[in-house]
Amino acid sequence: MTASNTVQMVGELLARWWRSLSHRLPDAIAAIAARTPQPHGRLPHPYDDRSQLLGWLLQPCWPLIQAQPETEILTALQQQVSLLGHGSCSRLIECHLGVAPALQHDLLRRLLTEPVPRYEDIKTALAQWIASLLPAHLEVADFPLGDRWEAFLYESWPPGWQIVLTLAVAHWAGRDQGLFNAILADGLFGPTHHLGANLMVLRESVMLGAAEWIAPYLASLPPDCAQTMNFAFLAKGLPAGAVKHMSPAGQEAIAQWLSPHVPDQAVTLWTLINHLADAAPTARELLIALVPQLPKKTRRQVEVQLLRFQPIAAHPPLETLSKSDQRFLLAMYQEWAQQDEAALERLLATARGKQNDAAVSASRVLADLDSGPVSLEDWVPLVRSRFVGVRVNALTAMATQLAKQSVADATLKDIAIALATEDNPTVGRKFCDLVAEWVRRRHRVPPVVSRCYLLPANKRLVGDARVSRERRPYAELYPFSMRDAMPRFAVPLTLQS
């Protein structure tokens, strides 16, 4: 029996007879830790197989350890924490959520001697665990992080710990208005070397419940604060995702407070004003007013952003815009298309247009919509597009929709006629996928399959097979999509000619 099988068996036995055998777990952990590491044939040296063995031993035991943490077991695990894999280390941290402070401090002290592993589960577990210790443990003697939040937020730590501790403070600030205000004040008026940590705390804590504290804090500042205030910190600390966590009233209050400062801080504040403009009427007015004060490139960007407040009929054609502006409007139309017929029609018109990038992007957005707004018949004109990307997106979307709804024989015939001289192999395969889906639903091969042909122009179509220039039926060119699919149906198929 191999060592791995033995360890797994021991772990299962421990879990099954936990009450009788749990006191032997520290001995098993110590035995594995004292074992000479064995080389691995496929992994480079040095490889320590003890981490994997400990993982196999502990996997069935973790729920039992967490349900009733015992000092002896936790101490044994702490002593070998450097050998634990990232999954076991995360579980060990979770087991320390409700134990005695001395045990918690012992584990934290051991962990602080090493860099934080790169695994996200450990970082998340550490941040949540340390956040649960704050602020109560700041008053407990010998707390490894000190007795002030400033000490471990702004000072240097082993690699990876700065992010973990900053996230822990953000969790604390999300439930403590006094701490949140202190960090906000330090970011707005404090030293520049604190900005990185303060920005992270601000962004995270706003999403954890502190969003409504910003407006009251700003309102409490003296009128002359603008002379020393770091407006860039506020703009960077409140991205679009953070602003969405604020109530409309809170966004309006922030916009009103910023109003007198916008003329002097237009370049710095326009992004924040733009985020607030969706819900705050004052911010919308400010955004329109500050456009002339912006550099030319930024001015054009803001003018496009303002289009979201105008009727779609007033929007310029997407073909006339830059790619970044096209992406902005396409994302907006995608959001509106479910309820606004004008947005859907603009997407369809763009996909039928004569500009490649705009047409392909619009067809991709249409394909990502729920099947409701776009009917199967709406895709037929796009199959005739001059652009390969549009044809591929249209056929892909139709095949997906066909799994949920039926398509008439006449519609399939129109598509086949439009692709009769298609020479792109990807488009040809997508069409065959569409026909195959049609066959799955109808249990018969449509007549159009045997009468429509493909002009492959001597291109590689299926694997390494090359096809000559002569016209040949789809079913011959793509046997993997048609003929091989037919025997899978339980109902006999009828091949119509």
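The values are calculated or read from the model by the stated rules, or taken from the named source; none is laboratory data. Keep in mind it's a predicted model, so treat the numbers as computed, not measured. In this analysis, Cβ positions are derived from the backbone assuming ideal geometry, glycine residues included, and neighbour counts consider all displayed protein chains. Heads up: the accessible areas ignore ligands, DNA and RNA and are worked out on the full protein's heavy atoms, side chains in. Shrake-Rupley method; radii C 1.70, N 1.55, O 1.52, S 1.80 Å.
Details
- Residue-count net charge about residue 237 - beta-carbon cut-off 13 Å; Lys, Arg +1, Asp, Glu -1: 0
- Within straight-line cross-link reach of residue 123, aspartates and glutamates at Cα separation under 16 Å, skipping those fewer than 8 residues along the same chain: 94, 114, 204
- With K and R counted +1 and D and E -1, the other residues having a Cβ less than 14 Å from that of residue 193 yield a net charge of -3.
- Cross-link partners for residue 236 among the lysines, with Cα-Cα distance under 18 Å and sequence neighbours closer than 8 places in the same chain left out: 244.
- Here the extension length gained between residue 19 and residue 177 equals 52.3 nm, from 0.36 nm per residue of separation less the Cα-Cα distance.
- Order by protection proxy (mean Cβ within 10 Å, highest first), peptides 214-220, 231-237: 231-237, 214-220
- The range 331-389: mean projected area of Cα convex hull, nm²: 3.6 nm²
- Tensor-based shape of the range 202-329 (alpha-carbon gyration tensor, a/c under 1.5 rounded, otherwise prolate or oblate): prolate
- A 1.4 Å probe run over the protein chains yields, for the range 120-240, 43 Å² of accessible area per residue, whole-number rounding.
- With R₀ set to 35 Å, the beta-carbon distance separating residue 426 from residue 267 gives a calculated FRET efficiency near 0.15.
- 28 Å Cα-Cα reach of residue 404 towards lysines, excluding residues that sit fewer than 8 places from it in its own chain: 413, 430
- Label point distance in nm, residue 192-residue 81, each placed 7 Å from Cα along Cα→Cβ: 3.7 nm
- Approximating the spin labels as points 7 Å out from Cα along Cα→Cβ, the residue 442-to-residue 340 distance works out to 3.8 nm.
- Once you reduce the range 336-397 and the range 67-99 to the center of their Cα atoms, the two points are 54 Å from each other.
- For the range 76-84, putting each phi into the Karplus relation 6.51 cos²θ - 1.76 cosθ + 1.60 with θ = phi - 60° gives couplings of 4, 5, 4, 5, 10, 4, 5, 8, 6 Hz, in residue order, rounded to whole numbers and with x for Gly and Pro.
- Look at the dipole of the range 186-303 built from charges on Cβ: of 245, 221, 273, the Cα furthest out on the positive end belongs to 273.
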